[in-house]
1. What pairs come out if I take residues in region 52-77 that are closer than 16 Å to VAL234 by Cα and open to solvent by less than 90 Å² (accessible area, probe 1.4 Å) and pair them with residues that are modelled with pLDDT under 80 and of a type in the set (D, E, K, R) whose C-beta lies under 7 Å away, six or more apart or interchain?
2. Counting just the residues of region 254-284 that are under 17 Å from LEU118 (Cα atoms) and modelled with pLDDT of 75 or more, which one comes out least open to solvent (accessible area, probe 1.4 Å)?
3. Pick from PHE30, PHE57: which is modelled with pLDDT under 80 and assigned to a loop (DSSP other than H, G, I, E, B)?
4. Yes or no: region 92-106 includes at least one residue that is surrounded by fewer than 20 Cβ atoms within 10 Å (Cβ to Cβ), over 18 Å from TYR159 (Cβ atoms) and modelled with pLDDT of 70 or more.
5. SER165 is checked against (1) touching a Ser or Thr at 6+ places or on another chain (Cβ under 9 Å); (2) of a type outside the set (Lys, Arg); (3) modelled with pLDDT under 80; (4) part of a helix (DSSP H, G or I) and fails just one. What number does that condition carry?
Amino acid sequence: MWIILALSAMLMWGVSDVLYKASMKEESRFTIYVANSIIYGLFGIIYAHITTFDFKFVFDFNVFLMILPLGMIRLISTSFYTKAMTYTYSSIASPIMSSTTVLTTPLGIIFLNEKLTLPQLICVIILGSCIVSIALIKKNSHTENNNLHHFRGVLFSIYYLLSVSTMYFFAKLYVNTYNSRILVYYYSIGAIGSMIIFLIFTGKWRNVQPSTVKNKIKALLAIGTNMGGYILYVSALEINSISTVQPIVFSYSIVVLILSKLFLKEHLSLKQNIIMVIMIACITVLSSRT
């Protein structure tokens, strides 16, 4: 059962990344950033209510305070995500951002007593090296962004990697204690609350721009598939270890690579393609845990 949940999450997050990139070509980055947190949170709250008939929604402030940091980390990581997807290709940003296994696997071994084989350890090291390498490769003349934008995109992808790795590790700790729907419920409230507080105290709510109907649909689909992937992910974590589930779910870069070439017409250099293949191969080896 967990493998179906993990593979479904992988597919949904891959589709979500491509939809985000497509919507950002027409939409204000800040508008996407705000919509992501608020609509994402609403989807999560609705999901928790309609799927758990025996779940009594007596708001527990102590549980909320415990899970609130995840919502705050999401606020920060979403900012990194939107900037990474703006500055560089999704087929470059996604493999970096999906390499959370590099961090979550060691954390799972150290703090959760999970096991890792020698080949898997080697793959973790190779993935880290690939992330550094792709940041140093200059984009060729056929790409839409200059080398500075490419470097910024890679840098924000790494920031995202660090922040979500922390968030997903603590999500695993929480699902060991709470029902996954409780986690989604409070996490969603935290995501919405953090964004509203941010908009009020910075006054940046004025920067939110109207959108075309076509782009609203793409953005909603992106946010919906992203939340769907998260729900499936935490459900899989309830059943199996983070060092088993994480590599499979975060193989979504394979889906992104295929879809971005087909629908976004993204072109990579030979060196970049080689690194993408190596990263995907490493993620596949890490996914071989049973």
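1. THR52/ARG181
2. Top of the filtered list is CYS282.
3. Exactly one of PHE30, PHE57 is modelled with pLDDT under 80 and assigned to a loop (DSSP other than H, G, I, E, B), namely PHE57.
4. Yes; the residues of region 92-106 include at least one that is surrounded by fewer than 20 Cβ atoms within 10 Å (Cβ to Cβ), over 18 Å from TYR159 (Cβ atoms) and modelled with pLDDT of 70 or more.
5. Exception for SER165: condition (3).
The values are calculated or read from the model by the stated rules, or taken from the named source; none is laboratory data. On a predicted model such as this, the values are computed, not experimentally measured, just so you know. Glycine also receives a Cβ, built like all others from the backbone with ideal geometry; neighbour counts cover every protein chain displayed. Heads up: the accessible areas ignore ligands, DNA and RNA and are worked out on the full protein's heavy atoms, side chains in. Shrake-Rupley method; radii C 1.70, N 1.55, O 1.52, S 1.80 Å.
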